Amino acid sequence: MSLVSYEFLAFFAIAALLYYLVPGRFQWMLLLAVSILFYAGGGAVYLLYPLATAVSTWFLALRIGKEDSVSKAYIQEHKPDKEQKKAYQAHIRKRKKRLMIAGILLNFGILAVLKYTDFFLQNLNLLIPLAGEDGSVWQAGWLLPLGISYYTFQTMGYLIDVFRGRYKPEKNLFRFMLFVTYFPQMTSGPISRFDLLREELFREHAFDGTQFTFGLWRILWGFFKKLVIADRIAPAVAMITSSPETYDGIYVLLGMLGYTLRLYADFSGCMDIVIGTSQCFGIRLPENFQRPFGAKNLSELWRRWHMTLTGWFREYVFFPVSTSRFCRAVSHLAGKAGLKTLSKKLPVYTANLIVWFVTGIWHGAAWNFVLWGLANGIVMMVSQEFAELYRGFHRRFPKADGSVYGAFQKVRTGLLFSVLLMFQYYSFGTVFAMLGSLITTGRLSQLYDGRFAELGLAGADLAVLAAGLILMLAVSVLQESGSVRKRLAERPLVLRYTAVFLLFAAILVTGCYGRGYDASRFIYNQF
Amino acid sequence: MRWKKPVCVLLLAAAGAAVIAGLQRLVEPKYMGLVVEGNFTSEYYEETTPHDVIFLGNCEVYENISPIVLWREFGITSYIRGNAQQLIAQSYYLLEDTLAYETPAAVVFNVSAMQQFEQDNESYNRMTMDGMRWSSSKWNAIRATRMEDEHIIEYIFPILRFHSRFKELEPDDLKYFMGSGKVAHNGYYLRADVRPAGDLPVERRRSDYSFDPRCWEYLEKIRTLCEQNGIRLVLMKAPSLYPAWYDQWEVQIEEYAAEHDLTYVNCLEVSDDIGIDFSTDTYDAGLHMNVYGAEKMARYWGPILLEIPGVEDRRGTVSGAARGYKAGIGLDTVWQEKCDFYDRMKASQEEEFARLGYIKQFYIQ
């Protein structure tokens, strides 16, 4: 069920009504029932995947928790000396680790098999002729269960946290199932932490008119970004990015900016709908975007873009890898060889490259996504290498730190992000060829050579896009000084009603939905 | 004041609803240009007197018989509830809808709709259904005939379907904002241009000539509904040369008619008796009749219809009692107005066709 469908709106309305009608202690059960129903709407058989993940993770986490209890009880009963205690704890830790690894292998295994089998086979097919053989390997063509990457990451985060002893495992299987399948977030994130979401999911929620209204406003804003902006620009962007031989020169820039805009409006719009829906149930979800185009460098942008995913990678990949025995050993070796600076940086850079490799392949099972991820990592590493140079520049020219330079930094970062995104939709060689084409042949006059007319953007579309962008920018600027919704709520009734009504009418009339538009599927659902 | 806020909220909600309704009316197609068929269904509700005969079917009905000639020459009051590619299920529900207002003595159903049960173009569904008044019949008609990606909510709130028209609004959208003008003559679509029948595509052989069981089901429903209401059902195949009407289909309809003791007239077989000249009586090379062919059809059908009990020459009388109509209205006056409108349109089209060789409104550049 798409988040931008009549079915979803009806589903949400009925679920919300029932939610506030049932006694508070049953609310989470109702949420579990509607979540399962929501997922089963896409095909009951696909429900097996999240349920398998939920049951296996719940069971293994419980076993890990049990090991802790057994260990505590043993120590209390037998009162071993320090050495014995240490040895026993190491033994328990090993057992816990085994359980955790079993869970990780099983669940990431399911994800890997379903998502990456074809990628693997495609590469195998490329290798067969090199080995002097004929023929090709079949393609699996398996359908990916909706949101599998999200709920797998979320549950694996939980398992690792339980292993690390951050919190106790959930004893109630059904409560845990709600954590895995909670319908607003299941298909597109945000990726939540159990200890934070638990409090929200399982406490009783009395109807709060303000929260409910705020939730609805946020949903409306998400619909605006998705239907009015992202889906309006999507067909034109697809044409430009899929036909580099036709759309070169200035169109490379147009495609680059359009792709970034669509990605942002689509994904952040989706998050607004998800978080707004959840807010209507009184459940706060973590934010996934924090005005990313206000960032002054790429690292900062990535701390504001898809925040829960980058946070997950930082927590569960970057830190463990950079502090791993392997990295420490390599660093030690480098230090011994007299490469002191390198020995310090090696663990961080290794972990960084691994994180960006995984980020790339998470976004798409293709080499261009891997290259895109690695390109981001490399740019950030290079940028870090030049950090001293930047500092020197600012010491030399202190006045260059004003608002104009700040604006330049934001624009530069946004452009850099867009350039790197080219790796997602062009092949490696084409990225450089198209950048070359933009620099050497890009002219504004190319916009009048007939190619623009073929993109299907009428004058009215451009006007709507321009107005939509101005509105998005204005909201973004206002957000810097606090919640826009809170400020709107403080305005007189007529004013706030008019503002919300205008937004609603704009979506209703200018939104790209219904027949004739192949919208309605969020880009990030595919992951 | 405690009442101030609720009143303010109500007023704002009413204002919002009014704006949305206005926007909806603005973006809805007005069907006053090249395509006028979208107005046919709604025009039925403007009728002031009941009818003895109701014609049901697709373009083979609403373009092929003139109710004005049926009145003028036989005194038969009739109405065509037909639309472009009107499916048999839609005909059934339109008949159900009609029975909410009146009970005719006869229903003439054109059997060409037996060829296809499912719609292949959503626009046809919209043209047929949008003008229908809301009732259980409309609801069921939508459910029975909507295409896979059509939603009922888009029929309830047409703005959801037509919103993207904001990019292509025309002066007509403002001109006819308050209401479209009348385009049909008791459901008849008048065309006074002439395009002789020429070479038509060769009949394609089919692997299976049996009608869809769902078509049979709805034909049976139409027959039962008529029987329950004491209405005589007559089956007709209009004299359209294309799409082909196969002999195998003819046999099935003949058998059905015989089985249920229904009158069935295949006008293709009696086109000489009707007097149809395919070089002058069609405006689109044999697919549909022009006004001259439609008038000939009315003259042929008049005597047949008058044989049906309850179908009478109503000239010089007043309207009878019917659920949706007031009784006692002078029919001559009502129909004179219709005849005048018909004559004016016919004369205007004839003049334009004689002068230009085509009719501007229907001319595709």
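For the reader, a short list of remarks on this structure follows.
- Over chain A, Cα pairs under 8 Å with separation of 6+ residues give a relative contact order of 19 percent.
- Rolling a 1.4 Å probe over the heavy atoms of the protein chains gives the stretch A:212-520 an accessible area of 47 Å² per residue.
- The helix-based estimate of mean residue ellipticity at 222 nm for chain A, built from -39,500 (n - 2.57) per DSSP H run of four or more residues and divided by its residue count, is -23500 deg cm²/dmol to the nearest 500.
- Residue by residue, the stretch B:351-356 carries 3J(HN,Hα) couplings of 5, 5, 5, 5, 7, 9 Hz when phi is fed to the Karplus relation 6.51 cos²θ - 1.76 cosθ + 1.60 (θ = phi - 60°); x denotes Gly or Pro.
- A straight line joining the Cα centroids of the stretch A:223-272 and the stretch B:81-119 runs 47 Å.
- For chain B, radius of gyration divided by Kirkwood radius, i.e. Rg to Rh on alpha-carbons: 0.99
- Over the stretch A:189-238: Rg over Rh, Cα atoms, Kirkwood Rh: 1.18
- What the Cα convex hull of the stretch B:168-232 gives, in volume per residue, is 302 Å³.
- Radius, Kirkwood style, for the stretch A:437-512 when every pair of distinct Cα atoms is counted (Å): 15.6
- Size check on the stretch A:100-224: the Cα extents along the three principal axes, sorted descending, read 69, 42, 20 Å.
- Solvent accessible area, Å² - A:HIS205, 1.4 Å probe, full protein context: 10
- The count of lysine pairs in the stretch A:40-122 with alpha-carbon distances below 20 Å, taking only pairs 8 or more places apart or on different chains, stands at 19.
- The packing ranking of peptides A:452-459, B:82-89, A:507-514, highest mean first, is B:82-89, A:507-514, A:452-459, where packing means the average number of other beta carbon atoms within 10 angstrom of each residue.
- Evaluating kT/(6 pi eta Rh) at 4 °C and 1.567 mPa s, with the Kirkwood radius of the stretch A:212-520 over Cα pairs in the Stokes-Einstein relation, gives 59 µm² s⁻¹.
- Potential lengthening between A:PHE408 and A:LEU124 on full extension [0.36 nm per residue; Cα-Cα distance subtracted]: 97.7 nm
- Alpha carbon centroid spacing (whole Å) that separates the stretch B:10-45 from the stretch A:110-139: 57
- Reach of B:LYS30 by Cα under 21 Å, taken over lysines that are not fewer than 8 positions away in the same chain: B:LYS138, B:LYS167, B:LYS175, B:LYS182, B:LYS360
- B:HIS163, B:HIS260, ranked by accessible area, largest first (probe 1.4 Å): B:HIS260, B:HIS163
- The stretch A:408-464 gives an Rg/Rh value of 1.04, both radii derived from C-alpha positions and Rh following Kirkwood.
- For the protein assembly as shown, average projected area of the Cα convex hull in nm²: 54.7
- For the stretch B:221-237, 3J(HN,Hα) per residue [Karplus equation, 6.51 cos²θ - 1.76 cosθ + 1.60, θ = phi - 60°, Hz, x = Gly/Pro]: 5, 5, 4, 5, 4, 5, 4, 5, 9, x, 9, 7, 8, 10, 9, 9, 10
- Rounded if a/c under 1.5, otherwise prolate or oblate - the stretch B:254-365, Cα gyration tensor axes: oblate
- Cut-off under 5 Å, modelled amide H: who pairs with B:VAL318 long-range: B:LEU331
- Distribution of pairwise C-alpha distances over chain A, 20 Å bins, in %: 18, 51, 28, 3, 0
- The stretch B:61-203: relative contact order in percent, alpha carbon pairs under 8 Å with at least 6 residues between: 33
- Given a 1.4 Å probe and the protein chains as shown, A:ASP68 ends up with an accessible area of around 50 Å².
- By the rule of a C-alpha distance below 18 Å, with chain neighbours fewer than 8 residues away ignored, the lysines paired with A:LYS399 are A:LYS296, A:LYS410.
- What you get for chain A, charging only the Cβ of Lys and Arg (+1) and of Asp and Glu (-1), is a dipole of about 2380 debye around the Cα centre.
- Taking all protein chains together, A:ASP81, A:ASP118 sort by accessible area into A:ASP81, A:ASP118, largest first [probe 1.4 Å].
- Nearest 10 degrees, 0 to 90: helix B:247-259 Cα axis against chain B principal axis: 90
- Taking a Cβ cut-off of under 15 Å around B:GLU37, the surrounding Lys, Arg, Asp and Glu residues balance to a net charge of -2, with basic ones at +1 and acidic ones at -1.
- On the principal axes of its alpha-carbon atoms, the stretch A:66-114 has extents of 49, 18, 7 Å, going from largest to smallest.
- Less than 5 angstrom separates the built amide H of B:LEU190 from those of B:HIS185, all sequence-distant by 5 or more or on a different chain.
- Scalar couplings 3J(HN,Hα) for the stretch A:300-308, obtained by applying the Karplus form with A = 6.51, B = -1.76, C = 1.60 to θ = phi - 60°, are 5, 4, 6, 7, 10, 10, 6, 4, 6 Hz; x denotes Gly and Pro.
- Solvent-accessible surface ranking, highest first, for A:ARG304, A:ARG95 at 1.4 angstrom: A:ARG95, A:ARG304
- The calculated pair-distance distribution of the stretch B:122-205 uses every alpha carbon pair, bins of 10 angstrom beginning at 0, and gives 12, 31, 31, 20, 5 percent.
- Net charge of neighbours whose Cβ lies under 13 Å from the Cβ of A:GLY406, counting Lys and Arg as +1 and Asp and Glu as -1: +1
- Alpha carbon centroid spacing (whole Å) that separates the stretch B:280-351 from the stretch A:378-441: 77
- B:GLU269 accessible area, assembled protein chains, probe 1.4 Å, Å²: 130
- Backbone amide hydrogens, once placed in the peptide plane, bring B:TYR264 within less than 5 Å of B:LEU235, excluding anything fewer than 5 places away on its chain.
- A Gaussian network model of chain B, with springs between Cα atoms under 10 Å, assigns the largest mean-square fluctuation among B:GLU154, B:GLU102, B:GLU118 to B:GLU154.
- Apportionment of accessible area to carbon and sulfur, the stretch B:181-262, percent (1.4 Å): 45
The values are calculated or read from the model by the stated rules, or taken from the named source; none is laboratory data. Note that the structure is a prediction, hence the values are computed from the model and not measured. Methodologically, a virtual Cβ is constructed for each residue, glycine included, from the backbone with ideal geometry; neighbour enumeration extends over all protein chains shown. Protein only, heavy atoms only, side chains kept; ligands, DNA and RNA dropped before computing areas. Shrake-Rupley method; radii C 1.70, N 1.55, O 1.52, S 1.80 Å.
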